[in-house]
Amino acid sequence: MKKSLSALLIILSLFTKAQNVTVRGFILDKDNNQPLSLCAIQVKNSQLGALSEDNGFFELPLPVTNLTDSLKISFIGYLSKTISIAGYKQGDTLRIFLETAIETKQEAVIIAENAKGVLLKAINNLKQNLFRDSLIQTGFYRQFHKENGKYVRLLESDVSVAINAKDPFMYAFHEQIQINQQRRSENYETNGDVHGDHLVDLLKENPFSYNKTTFLNPKNLDFFAPKFEHEDSAGYIIKTQYKESSSAKLERARIWVEKGTYAITRIEVEKFPNPYYVKGKYAYDSRWKLLNEKDVVQLTKYKGRFVVSSLERVYNDDVLNRQTGQVDYVVEETFDLYFYNYDDANVSTKIKNGKYHDFTSLYTANYNYNDQFWNNYSMLKEHPLAHQIDTDLSHAKPLDVQFHEMGK
């Protein structure tokens, strides 16, 4: 009797197993083949379901009778998809691709909360979020250089920048610049470089305008693979990762996006030499070899719209000996601009009556040192000079004396 019962249980067990099948597969982003985790997989018109794992894989045990049904796959930020599993056989592996949920207008606009979607929405909303009327911004500009770990030059000035940012991607402050006050140290640089106009470069190459063809171009977002780094009640921090490229530099970025408005409030960009770069036959061979660079743009609100409140750049270079190809010295250059005043009244008249130019001569122009201005300039208290800069530059004579002498 016991043998008969055991045999019956075995038969029932085999029968039960025969009536079940485990559906397996991967859920992937259709655009970049990246796995999607925590996707919901549900048998249509039933309570049976599963979630995908970190690598996009899922397993869903089903009665054989349910193989006549369909699976519905859904994930935040993507279009839901329904697929038939009729004919699925044990051991098969499905590959299911989901498309990003977009609304097609003049540009693709994401309507759901994933990193790519948030960044697309932020790009699309630039026109409504940025202040786009004529504006004069006044601020404090500081530039200092270091060679082999020692500071060798300092320039400081109060500047006004007149802009007309009708196009958000032309949000580059290079239209007109007025130098209100300036001062500079003696030049202890090895190469005695008088420089190009780094203030103009800082303004026109800020991350808004300079990256309109990279991670601020909707068509290139997949290449830069945006991902959430942080999220809180105020907004998101999105990071983009560089990939192999034929360009000389690689870059990665972090973008701060405000919730609700999708306004970009800060961008940080880091650049590095590309180890895979192959110099073209006719490419210019510079003795300045980039080690790294960081650019930062910070925004603040003015009359309900966002304007740039600061721009910062620092880069390090090896300077090579032209004969030996060896490193002569290492240079670090820093450029900071902090705006403290915004004025959109009678901009054209103020430009006409002022001394605005497309370029500046900060490095060579004669100036009269204004003690009263600099002694009462509040921006020096908000952005105090590093003690090492003062110490290094004062090795021959006090920095204040240099300011006066250079200003005669």
*Do the conditions hold for Thr391, that is, is it within 26 Å of Thr300 (Cβ to Cβ), over 34 Å from the mean Cα position of the chain (by Cα) and among the hydroxyl-bearing types (Ser, Thr, Tyr)?*
no
*asked:* Quick check on the range 252-259. Is at least one of its residues touching a helix residue (DSSP H, G or I) at 6+ places or on another chain (Cβ under 6 Å) and of a type in the set (Lys, Arg)?
replied: no
*Is one or more of the residues making up the range 334-355 surrounded by 12 or more Cβ atoms within 10 Å (Cβ to Cβ), out of contact with any helix residue (DSSP H, G or I) (no Cβ under 7 Å at 6 or more places or on another chain) and closer than 30 Å to Ala248 by Cα?*
yes
*Output the residue which, of all residues in the range 251-300 that are among the small types (Gly, Ala, Ser) and loosely packed, with under 15 Cβ neighbours inside 10 Å, is modelled with the highest pLDDT.*
Gly260
*If you take just the strands (runs of 3 or more DSSP E) that sit entirely in the range 7-126, which of them hold at least 3 residues that are surrounded by fewer than 18 Cβ atoms within 10 Å (Cβ to Cβ) and either at pLDDT 85 or above or acidic (Asp, Glu) (or both)?*
81-84, 93-98
*What's the number of the condition Thr213 fails, among (1) touching a helix residue (DSSP H, G or I) at 6+ places or on another chain (Cβ under 9 Å); (2) surrounded by fewer than 16 Cβ atoms within 10 Å (Cβ to Cβ); (3) within 20 Å of Gln128 (Cβ to Cβ)?*
(3)
*Mind checking which residues of the range 311-328 are surrounded by 15 or more Cβ atoms within 10 Å (Cβ to Cβ) and more than 18 Å from Thr138 (Cα to Cα)?*
Arg313, Val314, Tyr315, Asn316, Asp317, Asp318, Val319, Leu320, Asp328
_Meets criteria (aromatic (Phe, Trp, Tyr), surrounded by fewer than 16 Cβ atoms within 10 Å (Cβ to Cβ) and out of contact with any strand residue (DSSP E or B) (no Cβ under 6 Å at 6 or more places or on another chain)) for Phe359_ = yes
*Under the condition of being in contact (Cβ under 8 Å) with a residue 12 or more places away in the chain and part of a loop (DSSP other than H, G, I, E, B), which residue from the range 372-384 is surrounded by the most Cβ atoms within 10 Å (Cβ to Cβ)?*
Tyr377
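The values are calculated or read from the model by the stated rules, or taken from the named source; none is laboratory data. Bear in mind the structure is a predicted one, so any value in this text is a computation, not a measurement. When we count neighbours, we look across all protein chains shown, and the Cβ atoms used for this are built from the backbone with ideal geometry, even at glycine.
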